[in-house]
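Engineer: A single structure is presented below for examination.
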Amino acid sequence: MLGICRGRRKFLAASLTVLFVPAVTWIYLFAGSFEDGKPVSLSPLESQPHSPRYTASSQRERESLEVRMREVEEENRALRKQLSLAQRRSPAHHHGNHSKTYSMEEGTGDSESLRAGIVAGNSSECGQQPAVEKCETIHVAIVCAGYNASRDVVTLVKSVLFHRRNPLHFHLIADSIAKQILATLFQTWMVPAVRIDFYDADELKSEVSWIPNKHYSGIYGLMKLVLTKTLPSNLERVIVLDTDITFATDIAELWAVFHKFKGQQVLGLVENQSDWYLGNLWKNHRPWPALGRGYNTGVILLLLDKLRKMKWEQMWRLTAERELMSMLSTSLADQDIFNAVIKQNPFLVYQLPCFWNVQLSDHTRSEQCYRDVSDLKVIHWNSPKKLRVKNKHVEFFRNLYLTFLEYDGNLLRRELFGCPSETDVNSENLQKQLSELDEDDLCYEFRRERFTVHRTHLYFLHYEYEPASDNTDVTLVAQLSMDRLQMLEAICKHWEGPISLALYLSDAEAQQFLRYAQGSEVLMSRHNVGYHIVYKEGQFYPVNLLRNVAMKHISTPYMFLSDIDFLPMYGLYEYLRKSVIQLDLANTKKALIVPAFETLRYRLSFPKSKAELLSMLDMGTLFTFRYHVWTKGHAPTNFAKWRTATTPYRVEWEADFEPYVVVRKDCPEYDRRFVGFGWNKVAHIMELDAQEYEFTVLPNAYMIHMPHAPSFDITKFRSNKQYRICLKTLKEEFQQDMSRHYGFAALKYLTAENNS
């Protein structure tokens with residue numbers, strides 16, 4: 001009832017405004033200019049009433065007032081129209097039936113006639129124009145290439161998802177690297193009401209490669225020019241964003257601005273907030289032609305259907321060819337060409353308010369775009385310095401950016417209620433599998449973890465490696481969490497070959513890792529290390545999922561399945577490549593065992609040879625791995641024989657055997673049912689044996705486990721009885737599965753377990 005009364009009061013006030021404003025205006029115009037029957041001076045300069053100067057000035061003032069009067073009349077007509085719309089909508093409003101969202105900001109591309117009746121930030125529906133349907137899909141296009149840009153896209157998408165209330169369709173123009181990274185990321189992110197389509201950026205290179213470009217974005221910085229040709233022909237409009245954008249509001253507000261385009265306006269752009277196009281930044285500075293300060297293309301609204309009808313392709317190509325004859329190259333990539341086209345055809349552009357693209361480059365005028373935090377809509381880090389840019393309020397902007405950078409992306413998997421989502425086969429299968437689990441089962445959480453889809457960001461850092469042409473190359477595979485980062489530099493010093501690592505981190509920890517890696521000369525000098533982030537979810541450490549992720553993304557024919565706590569002997573990489581040839585691993589099913597040792601000393605003089613290692617064993621500085629707590633894990637390696645062995649020798653599988661092995665990349669994956677501590681490697685070695693792999697010990701290879709604090713999972717195993725019961729149950733189920741899959745030959749695993 002209170003809401004109805006408020007609505008009626010607002011309606012009455014607006015009605016009075018409609019009647020009162022014209023009357024005041026007319027009185028001011030025709031009566032206000034006379035006092036006692038004589039004209040009243042409207043300017044302090046009019047000291048001579050009958051002079052020509054006075055007459056001209058009076059005429060100008062009169063014309064100005066007439067123009068203002070007409071504007072007020074237009075405002076009132078618009079307000080009357082809105083009031084009539086509000087009256088027609090009022091029953092639905094009173095019943096709380098909200099089917100649409102509304103834009104509350106006005107642009108500067110038309111006559112801002114609604115500003116008098118609509119105040120930004122007013123949450124009432126009265127006086128607002130319908131803009132975006134509740135379930136209308138918003139289309140966003142982004143050009144993305146390489147490892148760094150892929151990271152930037154994630155932060156941009158997070159900021160959009162955080163505020164959005166509408167379904168989203170991202171059109172990603174990506175190179176092969178970005179496509180691999182982002183396809184996996186979105187597939188494992190599983191955000192409802194979000195669709196992703198990829199377009200091959202490498203195929204578009206020929207469209208723009210003829211344009212010399214000095215900008216750091218390279219050839220990909222020109223690809224927004226060909227979106228009308230690249231995107232689907234039935235797509236009518238799209239918001240185009242740079243990767244260094246952060247949203248501070250619902251993107252639907254920006255989408256609503258399309259409804260304000262008039263006539264031949266087909267481009268929505270914000271004015272450039274630096275003096276670049278004024279040509280006064282330094283002596284002999286000669287920018288491309290632009291209208292005034294020009295426009296920034298970090299945020300673009302494109303009316304694709306109209307652009308196609310206008311033959312946009314021909315328009316920008318002719319302009320670029322003409323300007324390049326004198327300019328020779330672009331300095332700001334596509335932005336230069338967009339501005340040159342607009343200079344010739346200013347009617348194409350609808351100028352967006354500058355808060356839709358607050359540009360944080362050096363010497364920016366962006367401070368004029370906002371008076372308060374609530375004014376911010378879109379932040380654009382358009383300087384090569386990015387977060388290190390100079391700006392009076394940069395600390396605030398940086399904190400806003402870091403909020404999304406470190407925000408838990410899992411929290412963005414929220415449904416849009418009332419909006420039907422497209423059928424996702426993977427999501428449906430997952431729900432079916434989870435529904436088949438018994439939630440009353442004491443081991444339910446263990447079983448559920450097997451089906452949990454963890455958001456995965458492949459190649460978090462730059463990766464560049466071509467495997468050796470002789471087909472002997474070996475990748476070291478391992479997994480780790482935040483508490484093992486200190487091992488990375490040491491492993492890189494011991495192993496010069498390619499490495500594939502899966503890191504189990506939260507979003508905030510991923511950024512800590514990034515800073516750690518970028519601050520390490522050792523890690524930054526290595527481009528053959530693939531870092532794959534698997535984001536935290538659930539209460540268990542998904543050790544075997546991590547191993548599988550690292551295994552899946554190797555580019556070499558062989559892999560060394562290690563753990564992050566081990567340092568390989570110096571020269572092991574080259575030794576394994578020779579062993580691969582010697583033992584014909586390409587044509588035989590072999591698992592080459594690297595004997596494992598351990599030290600209890602944090603400071604160890606690492607043995608440089610087998611002879612030195614044997615001496616340290618005899619002195620008690622080193623031990624065979626886990627000899628004092630889990631002898632069965634490595635006993636079949638036969639360390640007594642290894643001491644004197646000079647040639648590889650074969651050993652047989654035994655219960656609980658879990659050596660570290662070198663295998664072909666086509667070996668079976670680890671079983672995901674085993675999480676945290678216990679049986680995760682044992683089950684894998686058992687499967688290798690079931691598939692008739694031959695276990696061969698390498699006589700001159702070794703690795704040493706370095707000491708560390710006990711992991712959280714081993715602590716849970718030791719202290720939690722239910723944990724141990726569930727692990728035993730999972731072991732039994734795994735053995736039963738082995739029997740069903742491998743038949744009679746797998747019975748020995750049941751027998752061996754019972755005898756152990």
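The values are calculated or read from the model by the stated rules, or taken from the named source; none is laboratory data. Model, not experiment: these values are computed from the prediction. Don't worry about glycine lacking a Cβ; one is built from the backbone with ideal geometry, like all the others, and counts go over all protein chains shown. When the accessible area is computed, the model is the full protein with side chains, heavy atoms only, and any ligands, DNA or RNA have been set aside. Shrake-Rupley method; radii C 1.70, N 1.55, O 1.52, S 1.80 Å.
Engineer: In debye, nearest 20, what is the charge dipole magnitude of the range 138-412 about its Cα centre with +1 on Lys and Arg Cβ and -1 on Asp and Glu Cβ, if you could check? Don't skip to the answer; put the middle values down first.
Structural biologist: Values: 32 positive and 27 negative charges, 107 e Å.
Here the size comes out at about 520 debye.
Engineer: Taking 25 Å as R0, compute the FRET efficiency from the Cβ-Cβ separation of Val629 and Glu733 and round it to 0.05.
Structural biologist: Working from the Cβ atoms, E equals 0.45.
Engineer: Any idea of the accessible area per residue across the range 456-751, 1.4 Å probe, to the nearest Å²?
Structural biologist: Details: 12320 Å² over 296 residues.
In whole numbers, the range 456-751 has 42 Å² accessible per residue.
Engineer: State, as an integer percentage, the relative contact order of the range 138-412 based on alpha-carbon contacts under 8 Å between residues 6 or more apart.
Structural biologist: The value is 22 percent.
Engineer: Next question. Tell me, what is the FRET efficiency for Lys229 and Leu278 to the nearest 0.05, using R0 = 30 angstrom and their Cβ-Cβ distance as r?
Structural biologist: Step by step, r from the Cβ atoms, then E = 0.40.
Engineer: Something else: Find how much the distance from Thr137 to Leu328 grows on full extension, using 0.36 nm per residue of separation minus their present alpha carbon separation; answer in nm with one decimal.
Structural biologist: Numbers: separation 191, 0.36 × 191 = 68.76 nm, distance 4.09 nm.
Working it through step by step, the gained length comes to 64.7 nm.
Engineer: Another question about this same structure. Could you state the principal axis extents of the C-alpha atoms in the range 138-412, from the largest down, to the nearest angstrom?
Structural biologist: Largest to smallest, the principal-axis extents are 51, 43, 36 Å.
Engineer: Moving to a separate point now. If I compute solvent accessible area with a 1.4 Å probe over the protein chains, what percent of it on the range 456-751 is carbon and sulfur?
Structural biologist: Carbon and sulfur together cover 53 percent of it.
Engineer: Where Lys and Arg each count +1 and Asp and Glu each count -1, what net charge lies around Tyr660 among other residues with Cβ under 9 Å from its Cβ?
Structural biologist: -1
Engineer: When the chain is fully extended, how far beyond the present Cα-Cα distance does Asn345 get from Glu652, taking 0.36 nm per residue of separation? Don't skip to the answer; put the middle values down first.
Structural biologist: Details: separation 307, 0.36 × 307 = 110.52 nm, distance 7.95 nm.
Value of the extension gain: 102.6 nm.
Engineer: Extension gain Ser427-Ala490, at 0.36 nm per residue separation less the Cα-Cα distance, in nm?
Structural biologist: 18.6 nm
Engineer: Something else: Between beta-carbons, use under 11 Å as the cut-off and find the net charge around Val240, counting Lys and Arg +1, Asp and Glu -1.
Structural biologist: 0
Engineer: Largest first, how would Tyr463, Tyr570 line up by accessible area (1.4 Å probe)?
Structural biologist: Values: Tyr463 30, Tyr570 110 Å².
Result of the area sort, largest leading: Tyr570, Tyr463.
Engineer: Pop a pseudo-label 7 angstrom from the Cα along the beta-carbon direction at both Phe198 and Tyr516 and give the gap in nm to one decimal.
Structural biologist: With each label point 7 Å from Cα toward Cβ, the separation is 2.9 nm.
Engineer: So, R0 is 35 Å and r is the distance between the beta-carbons of Ser209 and Asp305; what FRET efficiency does that work out to, to 0.05?
Structural biologist: The pair Ser209/Asp305 has a calculated efficiency of 0.80.
Engineer: Something else about it: Considering only DSSP beta bridges whose two residues both sit in the range 456-751, what percent are antiparallel, to the nearest 5?
Structural biologist: 40 percent
Engineer: Go through Trp276, Trp356, Trp381 and say which Cα lies farthest out towards the positive end of the charge dipole of the range 138-412; charges sit on Cβ, +1 for Lys and Arg, -1 for Asp and Glu.
Structural biologist: So the residue we want is Trp276.
Engineer: Follow-up. Give me the percent of accessible area attributable to carbon and sulfur for the range 138-412, probe 1.4 angstrom.
Structural biologist: 50 percent
Engineer: Here's another thing I want to ask about it. If you place +1 on the Cβ of every Lys and Arg, -1 on the Cβ of every Asp and Glu, and leave all else neutral, what size is the dipole of the range 493-641 about its Cα centre, to the nearest 20 Debye?
Structural biologist: Charge dipole of the range 493-641: 360 debye, to the nearest 20.
Engineer: What does the convex hull of the Cα atoms of the range 456-751 come to per residue, in Å³, rounded to a whole number?
Structural biologist: Given the Cα convex hull of the range 456-751, per-residue volume reads 135 Å³.
Engineer: Additional query: Go through Lys632/Lys681; Lys179/Lys578; Lys179/Lys432; Lys589/Lys610 and tell me which ones have a Cα-Cα distance over 24 Å in this structure. Don't skip to the end; give the middle numbers.
Structural biologist: On the way: Lys632/Lys681 13 Å; Lys179/Lys578 35 Å; Lys179/Lys432 29 Å; Lys589/Lys610 27 Å.
Pairs exceeding the cut-off: Lys179/Lys578; Lys179/Lys432; Lys589/Lys610.
Engineer: Between Arg413 and Leu604, how many nm apart are label points set 7 Å from Cα along the C-beta direction?
Structural biologist: Once both label points are built, they end up 3.8 nm from each other.
Engineer: Follow-up. Work out how far the C-alpha atoms of the range 218-365 reach from end to end along every principal axis, then list the three figures in whole Å, largest first.
Structural biologist: 45, 35, 29
Engineer: Here is a further query. Give, as a single signed number, the net charge of other residues whose beta carbon lies under 13 Å from the beta carbon of Trp316, with Lys and Arg counted +1 and Asp and Glu -1.
Structural biologist: Values: positive: Lys224, Lys229, Arg308, Lys311, Arg317, Arg322, Lys343; negative: Glu207, Glu313, Glu321, Glu323, Asp334, Asp336.
Net local charge, Trp316 excluded: +1.
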